[in-house]
Number of protein chains: 2
Amino acid sequence: MIDWDALTAELQGIEVISDPNQVAKLSQDYHTFSPILQAQLDGKKGDLVVRPTTEAEVMQAATTCVKYRVPVTIRGAGTGNYGQCVPLHGGVVLDMSRMQAIRWIKSGVARVEAGVKLAALDKKARETGWEMRMAPSTYRTATIGGFIAGGSGGIGSINYGQLRDRGNINAIRVVTMEDEPRAIELRGDDIHKVNHAWGINGIITELEIPLGAAYPWTEVIVTFESFMAAAHFGQALGDADGMIKKLISIFAWSIPSYFGARQYIPDGTHAALLMVAEPSLELLPGLVQEYGGCITYQRSQQDAGKGVNLAEFTWNHTTLHARNADPSITYLQSLFPADKNLQMVDHMYRYFGDEVMMHLEFIRVGGRTVPAALQLVQYTTEERLNEIIRYHEEHGIFIANPHTYIIEDGGRKVIDPEQMKFKQMVDPYGLLNPGKIKALMRS
Amino acid sequence: MIDWDALTAELQGIEVISDPNQVAKLSQDYHTFSPILQAQLDGKKGDLVVRPTTEAEVMQAATTCVKYRVPVTIRGAGTGNYGQCVPLHGGVVLDMSRMQAIRWIKSGVARVEAGVKLAALDKKARETGWEMRMAPSTYRTATIGGFIAGGSGGIGSINYGQLRDRGNINAIRVVTMEDEPRAIELRGDDIHKVNHAWGINGIITELEIPLGAAYPWTEVIVTFESFMAAAHFGQALGDADGMIKKLISIFAWSIPSYFGARQYIPDGTHAALLMVAEPSLELLPGLVQEYGGCITYQRSQQDAGKGVNLAEFTWNHTTLHARNADPSITYLQSLFPADKNLQMVDHMYRYFGDEVMMHLEFIRVGGRTVPAALQLVQYTTEERLNEIIRYHEEHGIFIANPHTYIIEDGGRKVIDPEQMKFKQMVDPYGLLNPGKIKALMRS
């Protein structure tokens, strides 16, 4: 039994939340997109939320949690979808969202604390001609630490690939969960010891994030009579080296029916939602015409304050909008093989029909434009969902399964031995996000 | 017989050069890189050089040349290598290099006159956070009009592909050679009617050129014990979506022996000359190490004023340096097929040995990183040169033959019918750059 009063006393000076409702709320993320995770994680919550504002406070919290052998689940804004912010065994929820200092931005690199919101960093960067290279659709609220720990890419990945690609993170600083916690700064290739590690490998306090040179982006909607014409257009725009873009999202009808006010996407048509750089607008109509599309909406950067951002309808916000309209909808996360002809996209689109609604997000993988997909699934049973996943995998489509909180089952199959070695060093008592790693489970 | 005095009189107000030495000099380009062109074009020159400073003067010159049915050969700085600035049938050399106005730069697009030097445009663009997307190694002297008319890509093509790729030119304005010359502005996809047309399709007076968001570039030399390790490194850097670069030039030994002072490239080693964005420097050593390379030189943007630009040793400046050391050297222009394993590069490197020294320039083609090559050839005979070219073509390597001034023989095989149609309209008397198009030659 943990003496919570004694533990709390040792956290003196740090904000601690013990109100059960608030603690329950801060033990949640958006795993509810998955009916399976929803059932598995129902009622799971921490005992206490701790909200440090400095690395010193993180050290103090780590020391205390190690001393009392209390599980620590780290959270940013809780916008993830995989239950990695949900404590399986109670303990402390370490909420990093108050650490919002932007230390510096120079020569295309930003040094930031883990709790900095992506939109805030982007805004600050743009003041000096830079911008975030990539961000999820939750960029308004998501934190950079949460994105690095739990995300993989997003809007901008059509240019820069994914977070794991060399060059997209320069440094990560973590506080360990040793008897005497240390702050360790990992630079260069060493960042992979903690990148995308779901808070199992130390507490991220600061990061150095390379930026992209900023463009004025125009948002564009293009509609198509045929879904595959829209998909081929997306591939062609991705492959058009002279056309600068940040987002190529392709939606099969009836996904656009979930977008609310949709005067720009007529019933039954398929849509491309784009962010295109201003200098590339002159040549866009020619490419659209080649694929039989129709530009129905255009909003320049100067008007960005007005109305809705198209980005809010893309990536996993698509799923959010669909579930708001129909809570029986869930989703997949897929990566199709590199193939300019998109044969597997075509096959899956026709094979599953309305049961698996096609939502493509074109990104760069290893120097090539490929469609990632966040297909919307009309959920019936877990068996059927697994059957759908299996069918994709049997056809060479990589599935990062968002319906499990077991890290190995989610996509990576085995945890990188370097990450496991680092974990053994920085978390000798296995207190960080326990219960999520199959390899560490005892029978 | 042309009445040159009468013609000159009608050019009143425009600078005209009639001094035979100067006219001969302004009838040249760098076709002398090719021993074959050198022999074929020896002694060819215009009768008069005309140097307009405004579009009105271009119109006046066009009117006059049409009236007297005088051939017109257009030139920028004469830095091309294909003899397209050399008049085959005398006439007027129209030197556009005095039209140097930069009309405006905004939102990533520059409106410029044809004679603007690439370095001047780049400098001006960088003042507002933009830069030229691509430029040849002759950027210090070359003009934008000459680059568009005669070039295909260069430093920066690893990001934006080639000039012909959609989105790299927004508009081209040309003056026609009709009885009553007009200025025609082509925008969007219509620019292909005059793009890369060697001055056969109208006189380019102004252009709108999309720019790239500017980066601080660091120049880097990496050396390798094995040429193929250097080549694979180049491919990997090209494919590394998170690593921002502008130049990936790979040289087999003994090419670096032609570079003069070379304390950074030990004898017998193979070299990569790079331009890498500052935010990507942190991660470069990891990639270099993976391929067994050694970083021997690094110069940041702040020091760009000091010493030599690496770019001056790349693209066709490599050929220039090699020929300065050994005038028997000539070159090829190749595009290898997309293949991450670089099997054909390996084959050609081993097959030809020192006779064809491998010089790769990685660029983007249709969304993929591929090696273009400007191999240095130890020239013996025209027959042997053609044999070398044929061997490459038979193995699926595209050769843009720089040893002919016949446009169809140079690479495109047939002239785009749209370009021919446009030529018939704008140059009804066939006065522009005559003798260079096979399809127009009468028996």
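Of all residues in the stretch B:84-104, none satisfies being closer than 25 Å to B:L211 by Cβ, part of a helix (DSSP H, G or I) and either outside the structural domain of B:A277 (by TED's automatic domain parsing) or under 22 Å from the mean Cα position of the chain (by Cα) (or both). Give me the residue from the stretch A:364-387 that is under 18 Å from A:W315 (Cα atoms) and within 14 Å of another protein chain (Cβ to nearest Cβ) and, out of that set, surrounded by the most Cβ atoms within 10 Å (Cβ to Cβ). The extreme case among them is A:P371.
Of the residues making up the stretch B:221-255, those that are within 14 Å of chain A (Cβ to nearest Cβ), outside any loop (DSSP other than H, G, I, E, B) and of a type outside the set (S, T, N, Q) number 10.
Of all residues in the stretch B:118-129, those being more than 9 Å from chain A (Cβ to nearest Cβ) and in contact with a strand residue (DSSP E or B) (Cβ under 7 Å, 6 or more places away or on another chain) number 6. Each residue in the stretch B:7-16 was checked for being closer than 15 Å to B:C65 by Cβ, in contact (Cβ under 8 Å) with a residue 24 or more places away in the chain and not charged (D, E, K, R), and 5 pass.
Rundown of residues vs (1) aliphatic (A, V, I, L, M); (2) within 17 Å of the chain's Cα centre (by Cα); (3) under 30 Å from B:M59 (Cβ atoms), yes/no style:
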site: B:I389; (1), (2), (3): yes, no, no
site: B:H395; (1), (2), (3): no, no, no
site: B:H403; (1), (2), (3): no, yes, no
site: B:P417; (1), (2), (3): no, no, yes
site: B:K421; (1), (2), (3): no, no, yes
site: B:V426; (1), (2), (3): yes, no, yes
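Confirm whether B:N159 is surrounded by fewer than 22 Cβ atoms within 10 Å (Cβ to Cβ), modelled with pLDDT under 95 and not assigned by TED's automatic domain parsing to the domain that holds B:S300. Judged against the criteria, B:N159 is not a match. Among the conditions (1) buried (at least 21 other Cβ atoms within 10 Å of the Cβ); (2) modelled with pLDDT of 95 or more, B:E185 misses just one, which is (1). How about the stretch B:173-189: which of its residues are touching a helix residue (DSSP H, G or I) at 6+ places or on another chain (Cβ under 9 Å) and either assigned by TED's automatic domain parsing to the domain that holds B:E57 or not aliphatic (A, V, I, L, M) (or both)? Across the stretch B:173-189, the qualifying residues are B:R173, B:T176, B:E178, B:D179, B:E180, B:P181, B:R182, B:G188, B:D189. Of everything listed in (1) surrounded by fewer than 24 Cβ atoms within 10 Å (Cβ to Cβ); (2) at pLDDT 95 or above; (3) within 14 Å of another protein chain (Cβ to nearest Cβ), the single unmet condition for B:Y68 is (3). Checked against (1) within 14 Å of chain B (Cβ to nearest Cβ); (2) part of a strand (DSSP E or B); (3) of a type in the set (G, A, S), A:A272 passes all but condition (1). Elements of the type helices (runs of 4 or more DSSP H) sitting completely within the stretch B:283-394 and holding at least 2 residues that are touching a strand residue (DSSP E or B) at 6+ places or on another chain (Cβ under 9 Å) and aromatic (F, W, Y): these cover B:343-352.
Inside the stretch B:168-220, can you point out the residues that are farther than 26 Å from B:A61 by Cα and assigned to a strand (DSSP E or B)? Once the filter is applied, which keeps residues that are farther than 26 Å from B:A61 by Cα and assigned to a strand (DSSP E or B), the stretch B:168-220 yields B:P210, B:L211, B:G212, B:A213, B:W217, B:T218, B:E219, B:V220.
Does A:E206 count as under 20 Å from the mean Cα position of the chain (by Cα) and among the acidic types (D, E)? For A:E206, the condition - under 20 Å from the mean Cα position of the chain (by Cα) and among the acidic types (D, E) - is met. Restricting the stretch A:349-363 to residues that are crowded, with 22+ Cβ neighbours inside 10 Å and touching a residue at least 40 places away in the same chain (Cβ under 8 Å) leaves a set whose member that is nearest to the other protein chains (Cβ to nearest Cβ) is A:I363. B:Q424 falls short on exactly one of the conditions (1) assigned to a helix (DSSP H, G or I); (2) surrounded by 14 or more Cβ atoms within 10 Å (Cβ to Cβ); (3) at pLDDT 95 or above, and that condition is (2). For the residues A:G212, A:G199, A:G188, the requirement of being of a type outside the set (D, E) and more than 14 Å from chain B (Cβ to nearest Cβ) singles out A:G199. Scanning the stretch A:271-329 for residues that are without any contact (Cβ under 8 Å) to a residue 12 or more places away in the chain and of a type in the set (K, R) yields a single hit, A:K306.
Just one residue in the set B:G242, B:G167 is touching a helix residue (DSSP H, G or I) at 6+ places or on another chain (Cβ under 6 Å), surrounded by fewer than 24 Cβ atoms within 10 Å (Cβ to Cβ), modelled with pLDDT of 95 or more and of a type outside the set (A, V, I, L, M); that residue is B:G242.
A:L163 meets all of the listed conditions (1) away from chain B (no Cβ under 14 Å); (2) not in a helix (DSSP H, G or I) but one, namely (1).
Of the residues making up the stretch A:98-138, just one is more than 30 Å from A:L320 (Cα to Cα), without any contact (Cβ under 8 Å) to a residue 60 or more places away in the chain and among the small types (G, A, S), namely A:S107. Quick check: anything in the stretch B:211-226 surrounded by fewer than 24 Cβ atoms within 10 Å (Cβ to Cβ), touching a Leu at 6+ places or on another chain (Cβ under 9 Å) and closer than 20 Å to B:L342 by Cβ? No, the stretch B:211-226 contains no residue that is surrounded by fewer than 24 Cβ atoms within 10 Å (Cβ to Cβ), touching a Leu at 6+ places or on another chain (Cβ under 9 Å) and closer than 20 Å to B:L342 by Cβ.
Of all residues in the stretch B:166-185, which are more than 14 Å from chain A (Cβ to nearest Cβ) and over 21 Å from B:W104 (Cα atoms)? Answer for the stretch B:166-185, where residues must be more than 14 Å from chain A (Cβ to nearest Cβ) and over 21 Å from B:W104 (Cα atoms): B:T176, B:M177, B:E178, B:D179, B:E180, B:P181, B:R182. Can you say whether A:V109 is touching a helix residue (DSSP H, G or I) at 6+ places or on another chain (Cβ under 7 Å), buried (at least 19 other Cβ atoms within 10 Å of the Cβ) and in the same structural domain as A:V175 (by TED's automatic domain parsing), as far as the supplied structure shows? Here the answer is yes, as A:V109 does meet what is asked. With respect to the conditions (1) in a loop (DSSP other than H, G, I, E, B); (2) closer than 30 Å to B:I158 by Cα; (3) of a type in the set (G, A, S), A:G260 lacks only one, and its number is (2).
From the list B:A119, B:A125, the lone residue that is assigned to a helix (DSSP H, G or I) and in contact with a Phe, Trp or Tyr (Cβ under 7 Å, 6 or more places away or on another chain) is B:A119. For the subset of the stretch A:130-160 comprising residues that are aromatic (F, W, Y) and under 10 Å from the mean Cα position of the chain (by Cα), which member is farthest from the other protein chains (Cβ to nearest Cβ)? If we take residues in the stretch A:130-160 being aromatic (F, W, Y) and under 10 Å from the mean Cα position of the chain (by Cα), then A:Y139 is farthest from the other protein chains (Cβ to nearest Cβ). For A:I265, the conditions (1) of a type in the set (A, V, I, L, M); (2) in a loop (DSSP other than H, G, I, E, B); (3) surrounded by fewer than 20 Cβ atoms within 10 Å (Cβ to Cβ) are fulfilled apart from (3).
The values are calculated or read from the model by the stated rules, or taken from the named source; none is laboratory data. As the structure is a computational prediction, the values presented were derived from the model and not from experiment. Cβ: placed from backbone, ideal geometry, glycine included. Neighbour counts: every protein chain shown.
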